[in-house]
2 protein chains.
Amino acid sequence: MTRSITIFDTTLRDGTQGEGISLSADDKLKIAVKLDELGVHYIEGGNPGSNGKDVEFFRRVQELDLKAKITAFGSTRRKGASAEDDENLQRIADSGAQAATLVGKSWDFHVYTALQTTLEENLAMIGDSIRFLKQRGLEVIFDAEHFFDGYKHNPEYAKLVLLTASESGADWLVLCDTNGGTMPNEIGDTVSALVEEMPAARFGIHTHNDCELAVANSLSAVSAGALQVQGTINGYGERCGNANLCSVLPNLQLKMGLHCLPEEKLALLAQTARYVSEIANVHMPAGQSYVGSAAFAHKGGIHVSAILRDSRTYEHIAPELVGNKQRVLVSELAGQSNLVSKAQELGIELDPKSPQASETIGRIKDLEHRGYQFEGADASLELLLREASGEVQELFTFESFKMLVEKSAGKPVISEAFVKLRIGGESLYTAGEGNGPVNALDNALRKALLQHYPQLTDMHLSDYKVRVLDDKEATASKVRVLIESRDAKSAWSTVGVSGNVIEASWEALVDSMRYALLGQEPVKAVALMEPRQGLLNH
Amino acid sequence: MTRSITIFDTTLRDGTQGEGISLSADDKLKIAVKLDELGVHYIEGGNPGSNGKDVEFFRRVQELDLKAKITAFGSTRRKGASAEDDENLQRIADSGAQAATLVGKSWDFHVYTALQTTLEENLAMIGDSIRFLKQRGLEVIFDAEHFFDGYKHNPEYAKLVLLTASESGADWLVLCDTNGGTMPNEIGDTVSALVEEMPAARFGIHTHNDCELAVANSLSAVSAGALQVQGTINGYGERCGNANLCSVLPNLQLKMGLHCLPEEKLALLAQTARYVSEIANVHMPAGQSYVGSAAFAHKGGIHVSAILRDSRTYEHIAPELVGNKQRVLVSELAGQSNLVSKAQELGIELDPKSPQASETIGRIKDLEHRGYQFEGADASLELLLREASGEVQELFTFESFKMLVEKSAGKPVISEAFVKLRIGGESLYTAGEGNGPVNALDNALRKALLQHYPQLTDMHLSDYKVRVLDDKEATASKVRVLIESRDAKSAWSTVGVSGNVIEASWEALVDSMRYALLGQEPVKAVALMEPRQGLLNH
């Protein structure tokens, strides 16, 4: 029989303790929908006792009628007071959540130092709070804070805390490695011992990544008998983060053969990870395990040759199982085989032995040397490859642009751009305003192009990144601009490099529009112009 | 007796297989010096058979006279040829490296599919190559590629590969989890079995992070008897990266009580990690275990109150042990205690009960709401806190700036800026050029300020980052600019937010100069002006 593991997501609560992460009630609701689609069993929404945003979340999430149980987080009652009079506990009971995650101290040192109370009072605080929440009809998940530290220093007291919680009616006993300092073998040994001593209890595990072991520690606890894993999407969380569910889930399911999500749901993992990173506005590392854009990306020439023969040579699972895909990176380390395989992927015919192929490789190497990076700019790379096979025609002949930003005390800043170019025989000179220089340039350029390519109306810029390439003299060094554009159907990325951020943006902007119009004819048909020089029409 | 573990760094070889990582020979030499200072035992410099850059590295590194052994990487000889005639093996032997890392196949599937040869020929390739390198006087570290996959599918052949390597004279047998798909318990069981079967051999471990388990897998192998760990600084490497030495080292040394580096050297870890990330030009995640800027950063109000009582409450080790430090983050989640502790850290007197304290908290919350983030801009935060205590005076009264970027076909792009401001009674109007708009603004502003504050000559901008805050309409949305500045003694970061990247840059620029001049008097002493409005003088 396959053991089932319950997945408890705390992205919306513990995840928001991470540096730079802040979610509105709307953001939280959007993420909750995605988590429910993924099939997690519990969604911890926040702390209704701490702020109004979370109260709003708990009210509105009820209207969504999700399959996952919604849980509200809070601490045990205050010392020396009753649970009934505790405002935080009342707010949890009133929040509308089906379950409560109640955090209590299990490390004697913390009882003395942080709570500044007695060991007996701490037990009473735990017992009273659980009974109160159970009487109000909530399922109670008891999070034993600092459990592993407590168990190491005073195992009898740590166990007494669990017994108290269990006898007071807690449905789950979750062992927390709050400071993230415990090793996998200690976690395993501790959980094994507890499972033996308290066979009727259901244990969960909550780990942090301070030793880069949060995922391993979760797996170790499950191997020892834990039945619930608490974690966050992308491992967001305080300090080094919580256990990353995007790694825990496929490890449990694909590697250890346990049952967590309905099988077809695991393929939603990569898009869930990206969605949450978009909403949280946190950059997702390319190298993130399983779900990162580089997780199945191959750079070394030898690896690529082998991958083309059989992908199992350098891939531990089929990327599709977690909704990811194989990518071949183009870089100076790569042999000709990378580029040819990239061309194949795009359906471009490029004979590896042709002079065009070696010329294109030379050109890409030269551009990379000058600071371009095509690993993050697939559309610019595709344009280069299609140029090699003669498929790309230029949109226009560039003559000039001017960009002016002006700010006077007490007045709003003004951005204006002026673009001069020719399409066929026609000379165009347009002006655009914007709330920033790139926006003004975009508007002026669009005004000119739309006269010939009305298809561009659908397309807009969706992300804009600037990277300084040589940080020794920041404002006098090269910058690389990456622009992401979207239309109703797809998204694509382009790159520009220059000592001047405006020029680099212009390059990426022009590439973005060239890509949008690939294979499309101008509506006002005109004779097209000479091939461009480099990436920018000088 | 404490067991000693040998540390093998492959940042310069396997690390450069990571997406977006490219190191020149100069970069590699600089990093090698830092690695040697840290005290790693082996530094793998690259593959002298694959490119000229690595040949240059091996030649020049000899002049540095490092304590670490330098090792050169390469594959076994080609099938059907002799080791003596193999150009790659010759280059390794001629490189000047003291040791060779020789990678060979140990998974039968790979012998058939990637090498396309017989199992016998693969053994001969391994044996011949090792004997050749040993005859040329090199220490040989044999990297058994895909060992764990091989052992799972054909354990007899995988062991035969190790025996062949050992009998041919290999000094180390390193078991590689090349695809990163193996679980910690499998690693541990396999290493235990081998240590028992081949008691005379010295085993090493080389893991990848595809399951977010590279660190755990390294520890698991060491617990089972492996004596060498191969990894990279910051975990750089192909796909999801290699085992991160910045986590492996403190785990082995501080948690498992093993001996790796001289004890005082571990405190160099955080600065080594930052240095390598600077040279590799790869952003270091704030949440990186042990060495990240958020690894000991506290955000939640309750945590901060406890930390102020006793840092062991929420820190698993003293941050200083790995050269890191405690930080308190200011954010909407934080209570008054965070801000007061931040002020204390800076030596600013701020009475938590004063109206100034609550006014400053309100102001910071409002700015955060508008997109400012002070977690990455300590200097801007310090200016706000010092303003609250009346310590900051304005440098100038802003009147206007104008910024012009112009580009014509075939000509270089031009950037010019014009700044109008008053210092005391004096009206200043200056013009500056630059190779980018922020550089031009910096030059124009500096030209004006230097007349009164010659101290600014020493300071320059060292990093410049732009982040789009709402990526729904990229070029028409708010951007946040972070500027890092340096002088001979220190570095500081400032922030600006606006719909306009130039205005946001101006804000961060002005803050950066205000911070540089904190507590300094103008040389041309003049009556100073009215307090500024917001972060920018409108």
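All of the numbers you see were taken from the coordinates with simple rules; none came from a lab. Owing to the predicted nature of the structure, the values given are computational and were not obtained by experimental measurement. Heads up, the Cβs are rebuilt from the backbone with ideal geometry, glycines too, and the neighbour counts pull from every protein chain shown.
Averaged across the residues of A:248-255, what count of C-beta atoms belonging to other chains lies within 10 Å of each residue's C-beta? Before the final figure, lay out the partial values.
Numbers: counts 2, 0, 3, 5, 0, 0, 2, 6.
Across A:248-255, the average partner-chain Cβ count within 10 Å equals 2.
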Check your understanding: If you line up the long axis of helix A:25-38 against the longest principal axis of chain A, both from Cα atoms, how many degrees apart are they, to the nearest 10?
Key -> 80
Point to revise | Karplus (6.51, -1.76, 1.60) ³J(HN,Hα), θ = phi - 60°, over segment B:188-196, in Hz, Gly and Pro reported as x | key: x, 4, 5, 4, 4, 4, 5, 4, 5
Check your understanding: Can you pull the mean other chain C-beta count within 10 Å for peptide B:384-391?
Key -> 0
Exercise for review: Send over the semi-axes of segment A:130-178's equivalent ellipsoid, whole angstrom and largest first, taken as the square roots of 5 times the C-alpha gyration tensor eigenvalues.
Suggested key: 22, 11, 6
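I'd like to compare A:242-249, B:15-22, A:139-146: which one has the highest average count of other Cβ atoms within 10 Å, and what's the full order after that? The partial results should precede the final answer.
Values: A:242-249: 29.1, B:15-22: 23.0, A:139-146: 25.5.
Averaged packing, sorted descending, gives the order A:242-249, A:139-146, B:15-22.
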Check your understanding: Using the Karplus equation 6.51 cos²θ - 1.76 cosθ + 1.60 (θ = phi - 60°), what ³J(HN,Hα) coupling, rounded to whole Hz, does each residue of segment A:218-230 give in order, writing x for Gly and Pro?
Key -> 5, 5, 4, 5, 5, 4, 7, x, 5, 10, 9, 10, 9
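Return the calculated 222 nm mean residue ellipticity for the protein assembly as shown, to the nearest 500 deg cm²/dmol, obtained by summing -39500 (n - 2.57) across DSSP H runs with n ≥ 4 and dividing by the residue count.
Values: 32 runs with 372 residues, N = 1076.
Value at 222 nm, helices only, nearest 500: -10500 deg cm²/dmol.
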**Study point:** Cβ crowding within 10 Å averaged over residues, with B:268-278, B:217-227, A:75-85 ranked highest first
**Key:** B:217-227, B:268-278, A:75-85
Review point. If the label for A:Lys152 sits 7 angstrom from Cα along the Cα-to-Cβ line, what are its distances to the same label in every other copy, in nm to one decimal, shortest first?
Key: 3.2
Review point. Picking from B:Pro48, B:Ile70, B:Trp172, whose Cα lies most toward the positive end of the charge dipole for segment B:6-280 (charges on Cβ: Lys, Arg +1; Asp, Glu -1)?
Key: B:Ile70
Check your understanding: What does the charge dipole of segment A:6-280 about its Cα centre add up to, to the nearest 20 debye, if the Cβ of each Lys and Arg holds +1 and the Cβ of each Asp and Glu holds -1?
Key -> 400
Point to revise | Exam field: B:Arg136 pseudo-label spacings to other copies (7 Å along Cα-Cβ), nanometres | key: 7.4
Point to revise | Cβ charges +1 (Lys, Arg) and -1 (Asp, Glu), total dipole of segment B:148-246, debye | key: 160
Exercise for review: Mind listing the long-range amide H neighbours of B:Thr207? Cut-off is under 5 Å, sequence gap 5 or more, other chains count too, H placed in the peptide plane at 1.01 Å from N.
Suggested key: B:Asp177, B:Gln230, B:Ala243
Practice item. Just rank B:Tyr151, B:Tyr453, B:Tyr112, fewest to most, by other beta-carbon atoms within 10 angstrom. Key: B:Tyr112, B:Tyr453, B:Tyr151
Check your understanding: How big is the charge dipole of the protein assembly as shown about its Cα centre, in debye rounded to the nearest 20, if each Lys and Arg gets +1 on its Cβ and each Asp and Glu gets -1 on its Cβ?
Key -> 1280
Practice item. With θ set to phi - 60°, apply the Karplus curve 6.51 cos²θ - 1.76 cosθ + 1.60 along segment B:168-181 and write out the HN-Hα couplings as whole Hz, x wherever there is a Gly or Pro. Key: 7, x, 4, 7, 9, 10, 9, 8, 9, 9, 4, 8, x, x
Review point. When Cβ neighbours within 10 Å are restricted to other protein chains, what is their mean count per residue of peptide B:452-463?
Key: 2
Practice item. Determine the distance separating the Cα centre of segment A:83-147 from the Cα centre of segment A:385-459; give it in Å without decimals. Key: 60
**Study point:** Cα-based convex hull, segment B:397-516, per residue volume (Å³, whole number)
**Key:** 114
Revision key, fill the gap. Expressed in angstrom and rounded, the centroid-to-centroid distance over alpha carbons for segment A:242-312 and segment A:160-175 is 35
Check your understanding: Put a dot 7 Å past each Cα toward the Cβ at A:Ser408 and B:Glu63; how far apart are the dots in nm?
Key -> 5.9
Practice item. Place the label 7 angstrom along Cα→C-beta at B:Arg3 and in each other copy, then list the distances from the first to the rest in nm, shortest first. Key: 2.6
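Using mean Cβ contacts within 10 Å as the protection proxy, how do A:63-73, A:100-110, B:283-293, B:156-166 order, highest first? Intermediate values should be presented prior to the final figure.
On the way: A:63-73: 17.8, A:100-110: 25.2, B:283-293: 22.2, B:156-166: 20.0.
Going by the mean number of other Cβ atoms within 10 Å, highest first, we get A:100-110, B:283-293, B:156-166, A:63-73.
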Exercise for review: Name the lysines eligible as straight-distance cross-link partners of A:Lys365: C-alpha to C-alpha under 18 Å, and not fewer than 8 places from it in the same chain.
Suggested key: A:Lys299, A:Lys342, A:Lys353, A:Lys478, B:Lys53
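Per residue, how big is the convex hull of segment B:6-280 when only Cα atoms are used? Give it in Å³. Display every interim value, and only then the final one.
On the way: hull volume 31.5 nm³, N = 275.
With only Cα atoms used, segment B:6-280 gives 115 Å³ per residue.
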Exercise for review: Among B:Ala81, B:Ala114, B:Phe132, flag the residue with its Cα farthest along the positive direction of the charge dipole of segment B:33-133, charges on Cβ as +1 for Lys/Arg and -1 for Asp/Glu.
Suggested key: B:Ala114
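Tell me, what is a quarter of the convex hull surface for the C-alpha atoms of the protein assembly as shown, in nm² with one decimal?
Projected area, direction-averaged: 43.3 nm².
Counting only other residues whose beta carbon sits under 9 Å from that of B:Asp171, what net charge do I get with K and R as +1, D and E as -1? Mind dumping the intermediate values first?
Values: positive: B:Lys134, B:Arg202; negative: B:Glu139.
Net charge around B:Asp171: +1.
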Check your understanding: With no solvent and one point per C-alpha, what does the Debye sum give as log10 I(q)/I(0) for chain A at q = 0.08, 0.10 Å⁻¹?
Key -> -0.66, -0.90
Review point. What are the residues whose amide H is under 5 Å from the amide H of A:Thr76, where those residues sit 5 or more places off or on another chain and H is modelled from the backbone?
Key: A:Val103
Practice item. Binning at 5 Å from 0, report for segment A:45-174 what percent of all alpha-carbon pair distances ends up in each bin. Key: 2, 12, 22, 22, 18, 12, 7, 3, 1, 0
